[in-house]
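S.K.: Encoded as structure tokens, here's the structure I'll be asking about.
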Amino acid sequence: MGMQPQRTEIAARAAQIAETLSRLEGPLLPILHEVQGEFGHIPTEALPAIADVLNLSRAEIYGVVSFYHDFRREPAGRHVLKLCKAEACQSMGGEAIARQIQQALGVGFNETSADGSVTLEPVYCLGLCACAPAAMLDGEPIGRLDAEAVADIATKVRS
Ligand code: FES
């Protein structure tokens with residue numbers, strides 16, 4: 001892990017991003033995306049800074065951050081595995097694969113493994129329905145998940 005910027009720096013940068021984008025119509029989501037793009041997650045210190053600029057309560061911002069699956073409240077692991085939980089993948093055994101993956105990686109959905117190697121996140125359709133069940137490891141699509149693919153993923157994230 002690199003050095004984390006100081007709290008005040010995070011708040012100052014979040015306020016700057018919020019001010020730059022505050023004139024957009026419906027600025028909150030773009031601001032949150034930008035903040036996550038910069039820090040890899042939405043740091044807690046960013047919330048009051050954004051709230052101040054937009055004249056919203058912290059609770060309102062917090063509600064939006066927790067509503068959307070896209071936003072991460074904690075820094076991610078070294079690898080991010082997104083596993084599809086939408087219908088086409090479910091109908092092709094996605095449920096069983098999800099269990100195998102959680103077991104093989106020792107991590108639940110929206111969690112990062114204790115060694116920091118991998119974060120597991122649910123997604124709802126990756127556009128890979130023809131290759132269901134599907135996942136994405138660090139942005140690389142993986143289709144037709146089976147026991148072997150799960151073992152491969154586990155090896156990759158630990159290396
Ligand atoms: S439903 Fe899983 S990729 Fe479309």
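S.K.: Using the heavy atoms of the protein chains and a 1.4 angstrom probe, tell me the accessible area per residue for segment 1-143 in square angstrom.
M.R.: Each residue of segment 1-143 exposes 57 Å² on average to a 1.4 Å probe.
S.K.: At a Förster radius of 41 Å, what calculated FRET efficiency corresponds to the Cβ-Cβ distance of Thr44 and Ala130, to the nearest 0.05?
M.R.: Working: r = 40 Å, r/R0 = 0.98.
Efficiency at R0 = 41 Å is approximately 0.50.
S.K.: Name the trypsin sites (Lys or Arg not before Pro) in segment 3-79 that are in a loop by DSSP and that have at most 10 other C-beta atoms within 10 Å, would you? Write down the numbers at each step before the final one.
M.R.: Numbers: sites: Arg7, Arg13, Arg23, Arg58, Arg72, Arg73, Arg78; in loops: Arg23, Arg72, Arg73, Arg78.
Filter output for segment 3-79: Arg23.
S.K.: Would you kindly enumerate the cysteines in the chain that have no other Cys beta-carbon under 4.7 Å from their beta-carbon?
M.R.: Within the chain, the cysteines lacking a partner Cβ under 4.7 Å are Cys125, Cys129, Cys131.
S.K.: Among Pro133, Ala151, Gly108, flag the residue with its Cα farthest along the positive direction of the charge dipole of segment 22-159, charges on Cβ as +1 for Lys/Arg and -1 for Asp/Glu.
M.R.: Projecting each Cα onto the dipole axis, the largest value belongs to Ala151.
S.K.: Additional query: Just to confirm the filter: which GluC sites (Glu not before Pro) across segment 1-92 are DSSP coil and have at most 13 other Cβ within 10 angstrom of their Cβ? Numbers along the way, then the final one.
M.R.: On the way: sites: Glu9, Glu19, Glu25, Glu34, Glu38, Glu45, Glu60, Glu87; in loops: Glu25, Glu45.
Sites meeting the loop and neighbour criteria: Glu25.
S.K.: Still on this structure, please answer the following. First compute the accessible area of segment 1-100 with a 1.4 Å probe, then give the percent of it belonging to carbon and sulfur atoms.
M.R.: On the way: 3210 of 6160 Å².
Carbon and sulfur together cover 52 percent of it.
S.K.: Another question, then. Chymotrypsin sites (Phe, Trp or Tyr not before Pro), restricted to segment 1-105: which are DSSP loop and have at most 15 other Cβ atoms within 10 Å?
M.R.: For chymotrypsin sites (Phe, Trp or Tyr not before Pro) across segment 1-105 that sit outside H, G, I, E and B with at most 15 neighbouring Cβ atoms in 10 Å, the list reads Tyr68.
S.K.: OK, next. Could you give the nm distance between label points at Arg144 and Glu87, where each point is 7 Å from its Cα heading toward the beta carbon?
M.R.: It works out to 2.5 nm between the two label points.
S.K.: Looking at the calculated P(r) for the chain, what percent of the C-alpha pair distances fall above 21 Å?
M.R.: Working: 6472 of 12561 pairs.
More than 21 Å apart: 52 percent of the Cα pairs in the chain.
S.K.: Give me the net charge of Pro122's neighbourhood, meaning all other residues with Cβ under 10 Å from the Cβ of Pro122; Lys, Arg count +1, Asp, Glu -1.
M.R.: For residues surrounding Pro122, the net value is +1.
S.K.: Let me ask something else. For segment 1-108, give the magnitude of the charge dipole about the Cα centre (Cβ charges: +1 Lys/Arg, -1 Asp/Glu; no others), in debye to the nearest 20.
M.R.: 360
S.K.: Could you work out [θ]222 nm for the chain from helices alone, using -39500 (n - 2.57) per DSSP H run of at least four and dividing by all its residues? Round to the nearest 500 deg cm²/dmol.
M.R.: Helix-only estimate at 222 nm: -14000 deg cm²/dmol.
The values are calculated or read from the model by the stated rules, or taken from the named source; none is laboratory data. These figures come from a predicted structure and were not determined experimentally. Virtual Cβ from ideal backbone geometry, glycine too; neighbours counted across all protein chains shown. Surface accessibility is based on the protein's heavy atoms, side chains included, excluding ligands, DNA and RNA. Shrake-Rupley method; radii C 1.70, N 1.55, O 1.52, S 1.80 Å.
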